[in-house]
Amino acid sequence: MMEWLIEEILAKYNYWVSIILMLIGFYAMIAKGNLIKKVIGLSIFQTAIFLFYISLGDITGGTEPIVIEGYKGIYVNPLLHVLILTAIVVAVATLAVALALVISMYEEYGTIEEEEIIEKERELGV
Amino acid sequence: MLSPVEQFPVLVVAISMLSAFIILIAGRVNKKSCCFISIATILLQLIMAFFILNHVLTKGTIHYWLGGWKPPWGIEYLVDALNAYVLVIVLFLGLLCAIHSKSSIEHEVPGKNASFFTVYQLFITGLCGVTVTGDIFNMYVFIEILSLAAYALVASKGGIALRAGFTYLVMGSIGACFFLLGIGFLYAVTGSLNIHDLSLLLPPLYGNRVVQAAFIFFIVGLGIKMAIFPLHTWLPDAHPAAPSPISAMLSGIMIMVGFYALIRVLFTLYPFYYNYGLILLILGLLSMTVANLFAFFQKDLKRLLAYSSIVNMGIVATGAGVAAYILSTVAEPSKSPPEAASLAMAGALLHILSHGVGKALVFLGSGNIHYGIHTRELAKMGGIGRDMPFTGYSMTVGLLSLLGLPPLLGFWSKLLIIMSVALAIRSVGGVVLITTFILFLFNVVYAAAYYLRVTKVLMIESGAVRTHEAPFPMVFPVVVFALFCLIGGLFPISLIRVAVRASLIILGGG
């Protein structure tokens, strides 16, 4: 039991952290009625995936991938950081669009609760 | 030294993106110029796409290395018959929808000319990028570009469209994140992102649980993008809410580009040992049946058409599923795939074209009707086809093509799929294929019920407010699409030939 705990959970804690964060974000996106909370959930979800990528590339004791004369040690993988840099840009753009939609919904209906918006839509007869 | 045509794949994407920013600046100076820049760009891209298709069919696959970095280190744009075929469809629909937008945008989203065409151009960029790229992470980025543009375009009408756009954004982002996670898994075990390179590195790892998990993430992630049955819930809200040319693009080609990404990833990276043929088959048949039942009861024309898009996605997925299923039953994968498999895949690919053209036609037509009588409700459209003859008759052709009536284009794609299933029943047999055959036929016939109902409302009934034909830029694309359905249906041989070439590429016999 103890060995299993150490091998599967403690040794791979980085993956567990990103899984837990991912599920928190996912829960917020599905279960919350407040649109801003949904957006926050989305952001957490995306960040968890970034964390997963970054932790894949890291090596204990590794250094940044710059060639140094005479250095014989190990480097961390830089490609994943580059990929995540791109993915962060995508995530920022997604957040911008999401927030813009929430703002225009607030201007239109005066609320950011999904149920109230649906109710108002029904009153307007659409 | 690359020949000019071999540089076109990157130019198709780059020109489109550049033009998006030019439109934004030009819109400040002269609002009228936006749509002309957009139309000119897409026309140029379409010409390039034809050159690419011709080159690919006669001289073979194009490899373009971005920045001269050799794959697997650099990003590679790889264009074979399948990519080029999808690319031409994307730009053909894109061009005509842009022409339609010239008038319909002033009617549906007044005063947003510049921003609309900017986002539209980015949308086209994303669609082209997904089709030409040979790098899986690059594919993710382009999927996100096209989705972000789509969210904004869906919500552009304001009001009820805002919530539809937001729901679509949440669903679409989950899909894209799952796809990204799948890519991460594959990178963790192979250290490569190039699709071709991955297909060489993955085979020894097929038993690995990480690779299997990536497989699930790809199916769910791209399944949301292509709106296949249990993941389709965003589509019936999002597609009708958008302005009509955008509905035409979303329903006609965007979900099909999602499908393209799925078959590219699955058929290239995973062997039939995972038996996703069966998964695609079941999902396809379910989407067909369920969406058909919903579509029948819709009172809103655009909503009915949105459900019919899910039905057609089901047809395409069934075609691909049949192909993969037949291949999985062949014990020893030989050099060339069995005839029935390539026929099924060719049918699915041809259906991308025939559905795209037909669905774009009817969505644009519904835009024309909205222009005339300001309603989307079927009950108020009785006999509108008599007041708007061009729109009315073209829409009839489109609806009959979607229904699959010979000699229109839609008939041939459905025929190819059903023929391949019949062939496979003879050579492979089994309950699965027989069920597929029965359900497929049932759905094709059932769909006729609502297509014919719409046709009857448009052309025969009466009761609509008197109106007149929409302006020329809105009528022109509709008529061109209708002629394409007709001529393509009368002379389908060259189209089928291209589809078969593309299907051989994806099934590994090309």
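Since every read-out is calculated from the coordinates, none of them should be taken as a lab result. Here the structure is a predicted model, which is why all the values come from computation and not from measurement. FYI the Cβ positions are ideal-geometry reconstructions off the backbone, even for glycines, and counts take in every protein chain you see.
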task: Could I have the simple spin-label model distance between B:V210 and A:E121, label points 7 Å from Cα toward Cβ, reported in nm to one decimal?
output: 4.2 nm
statement: With R₀ set to 35 angstrom, the calculated FRET efficiency between the beta-carbons of A:S55 and A:Y106, to the nearest 0.05, is 0.40
task: Just need log10 I(q)/I(0) for the range B:82-210 at q = 0.22 Å⁻¹, Debye formula, equal scatterers on the alpha-carbon atoms, no solvent, rounded to two decimals.
output: -1.28
field: Residue order, fewest to most beta carbons within 10 Å, for B:V480, A:V92
entry: A:V92, B:V480
query: In the range B:142-216, if every C-alpha pair distance is counted and binned at 10 Å from zero, what percent goes to each bin?
result: 18, 36, 22, 17, 7, 0
Farthest positive-ward along chain B dipole, Cα basis, beta-carbon charges - from B:I25, B:G463, B:A340: B:G463
field: Kirkwood hydrodynamic radius over Cα pairs of the protein assembly as shown, then Stokes diffusion coefficient at 25 °C and 0.890 mPa s, in µm²/s
entry: 97 µm²/s
statement: The rounded separation in angstrom of the Cα centers of the range A:71-96 and the range B:386-420 is 48 Å
message: Just to be sure I understand the model, the point goes 7 Å from the Cα along the line to the Cβ. What's the resulting B:L18 to A:Y27 distance in nm?
response: 5.1 nm
message: With bins 10 Å wide starting at 0, give me the P(r) of the range B:277-510 over every alpha carbon pair, in whole percents.
response: 9, 33, 31, 18, 8, 2, 0
task: With a point put 7 Å past each Cα toward its Cβ, work out how far A:Y15 is from B:I25 in nm, to one decimal.
output: 4.9 nm
task: Count the lysine pairs in the range A:2-124 whose Cα atoms sit under 28 Å apart, keeping only pairs 8 or more residues apart in sequence or on different chains.
output: 4
- line: Long-range share for the range B:434-510, i.e. C-alpha pairs more than 16 Å apart as a percent of all pairs, stands at 76 percent
field: Nearby aspartates and glutamates by direct alpha-carbon distance to B:K380 (threshold 12 angstrom, same-chain neighbours under 8 apart not counted)
entry: B:D300, B:E461
message: I need B:W69, A:W4, B:W412 ordered by Cβ neighbour count within 10 Å, fewest first.
response: A:W4, B:W69, B:W412
statement: So B:V5 and B:E339, fully extended at 0.36 nm per residue minus their Cα-Cα distance, gain in nm 117.0 nm
Residue order, fewest to most beta carbons within 10 Å, for A:K37, B:K359, B:K102: A:K37, B:K102, B:K359
message: As a test of the formula, what do you get for the protein assembly as shown when each DSSP H run with n ≥ 4 contributes -39,500 (n - 2.57) and the sum is divided by the residue count, at 222 nm and rounded to the nearest 500 deg cm²/dmol?
response: -25500 deg cm²/dmol
- line: Projected onto the charge dipole of chain B (unit charges on the beta-carbon of Lys, Arg, Asp and Glu, signs +1, +1, -1, -1), the Cα from B:T118, B:H355, B:S101 with the largest positive-side position is that of B:S101
message: So if I take the alpha carbon set of chain B, get Rg, then get Rh from the Kirkwood formula, what is the Rg over Rh ratio?
response: 0.95
Under 29 Å from B:K32, Cα to Cα: lysines that are on another chain or at least 8 residues apart: B:K102, B:K112, B:K157, B:K302, B:K359
- prompt: For chain A, what does the equivalent ellipsoid look like in terms of its semi-axes, each the square root of 5 times an eigenvalue of the Cα gyration tensor, given largest first in whole Å?
  reply: 42, 21, 7
